[in-house]
Amino acid sequence: MSQRLVLIIVAAVIGAMLLGGCSDSSTSTDPQPTARIRVIHASPDFGTVDVYLGNATTPWLKDLEYLQTGTYLTINSPATVTLAFRRAGDPVDATPLLTSDELSMSSGSSTSAVVGGLAGSNVAADELRLLTYTDTWLAHDTGKTRVRVIHAGANAGDLTVVAAGGLELATDLPRFEASVQGGELYPAAVSLENVIYVNGLAIASFAMPALDEDKDYYFVITGLISSVGADAFTLLPVGPGGSLALETPSQRTLPPAIR
């Protein structure tokens with residue numbers, strides 16, 4: 001065998017080895033699909049709670065207070081999970097104050113779970129419950145964001161919510177229901193007054209903070225119409241990063257007026 005032929009054979013063998021090595025090193029497994037979920041505390045008498053995921057022995061969220069929103073938890077998906085709420089500081093073997101139904105988490109999904117109603121009520125119409133919403137939004141326009149209203153007011157009837165300029169965000173929204181999925185277009189970068197009506201009468205007005213363009217927000221109505229304290233009727237704006245403060249911290253009850 002000639003020296004030239006030997007060199008050709010050796011080069012071919014080395015090349016095959018190198019190609020095989022490259023193939024092995026580039027092989028990788030696909031990342032595990034995930035989903036995410038967060039909790040919005042909108043029950044005025046529920047108190048401060050710890051939130052557990054399923055049968056976990058340590059809380060996922062600690063000391064979650066009224067009007068606070070927890071950070072998103074990312075989990076492998078698809079999955080079915082339950083949330084258990086215990087009084088803040090209670091041991092893991094304490095009976096939960098509230099346990100959710102099984103929540104199906106599909107791959108790539110994002111869920112906001114709202115605690116609404118009254119913990120101290122045995123009346124089905126206003127008792128404590130967990131309301132879950134998929135964070136699915138329609139496209140935005142330039143200078144706009146999207147807003148979806150959630151009616152978690154435990155003792156309020158059907159509500160209509162109108163922003164300054166006549167922009168109607170929700171119409172005759174029943175208790176523990178939400179406005180259209182995908183959200184309504186809402187001006188960004190400006191603070192707007194939002195008025196709440198019952199049966200055509202303006203009952204309260206709240207100045208929203210300026211919202212970021214091309215983001216998505218829930219306006220959660222909660223609190224008690226009859227109260228003027230910490231559990232007073234209010235509108236809680238919740239953005240991608242959590243709860244936002246109102247421009248006017250307390251409600252302003254308006255004189256009765258027909259819209």
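Take R146 and decide whether it is basic (K, R) and more than 28 Å from T82 (Cβ to Cβ).
Yes: the conditions hold for R146.
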Restricted to segment 137-158 and to residues being more than 23 Å from V39 (Cβ to Cβ) and of a type outside the set (K, R), the residue nearest to the chain's Cα centre (by Cα) is L138
Got a sec? Which of S226, S243 is surrounded by fewer than 17 Cβ atoms within 10 Å (Cβ to Cβ), touching a residue at least 60 places away in the same chain (Cβ under 8 Å) and either of a type outside the set (A, V, I, L, M, F, W, C) or farther than 16 Å from V114 by Cα (or both)? S226
What number of residues in segment 128-142 are over 15 Å from P187 (Cα atoms), outside any strand (DSSP E or B) and of a type in the set (V, I, T)? 1
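Tell me, yes or no, whether segment 67-78 has at least one residue that is on the phi > 0 side of the Ramachandran plot and either among the β-branched types (V, I, T) or in contact with a strand residue (DSSP E or B) (Cβ under 6 Å, 6 or more places away or on another chain) (or both).
Within segment 67-78, one or more residues are on the phi > 0 side of the Ramachandran plot and either among the β-branched types (V, I, T) or in contact with a strand residue (DSSP E or B) (Cβ under 6 Å, 6 or more places away or on another chain) (or both).
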Report yes if D50 is under 18 Å from the mean Cα position of the chain (by Cα), modelled with pLDDT of 95 or more, exposed (fewer than 15 other Cβ atoms within 10 Å of the Cβ) and not in a loop (DSSP other than H, G, I, E, B), otherwise no. no
Based on what the data block shows, is D101 surrounded by fewer than 18 Cβ atoms within 10 Å (Cβ to Cβ), among the charged types (D, E, K, R) and under 18 Å from the mean Cα position of the chain (by Cα)? yes
Scanning segment 178-208 residue by residue, those small (G, A, S), in a loop (DSSP other than H, G, I, E, B) and more than 18 Å from E247 (Cα to Cα) turn out to be S179, G183, G200
Within segment 209-216, is even one residue assigned to a strand (DSSP E or B) and not basic (K, R)? yes
Of the conditions (1) surrounded by 17 or more Cβ atoms within 10 Å (Cβ to Cβ); (2) modelled with pLDDT of 95 or more, A154 satisfies every one except a single condition; which number is it? (2)
Before we move on, is A188 assigned by TED's automatic domain parsing to the domain that holds E247, of a type in the set (G, A, S) and either in contact with an Asp or Glu (Cβ under 6 Å, 6 or more places away or on another chain) or surrounded by 18 or more Cβ atoms within 10 Å (Cβ to Cβ) (or both)? yes
Among the numbered criteria (1) without any contact (Cβ under 8 Å) to a residue 60 or more places away in the chain; (2) assigned to a loop (DSSP other than H, G, I, E, B); (3) not hydrophobic (A, V, I, L, M, F, W, C), which one does N155 miss? (1)
Among (1) within 22 Å of L211 (Cβ to Cβ); (2) in a loop (DSSP other than H, G, I, E, B); (3) not assigned by TED's automatic domain parsing to the domain that holds L235, there is one condition D101 misses while meeting the rest; what is its number? (1)
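The values are calculated or read from the model by the stated rules, or taken from the named source; none is laboratory data. Computed from a predicted structure; not experimentally measured. No Cβ is skipped: glycine too gets one built from the backbone with ideal geometry, and neighbour counts run over all protein chains shown.
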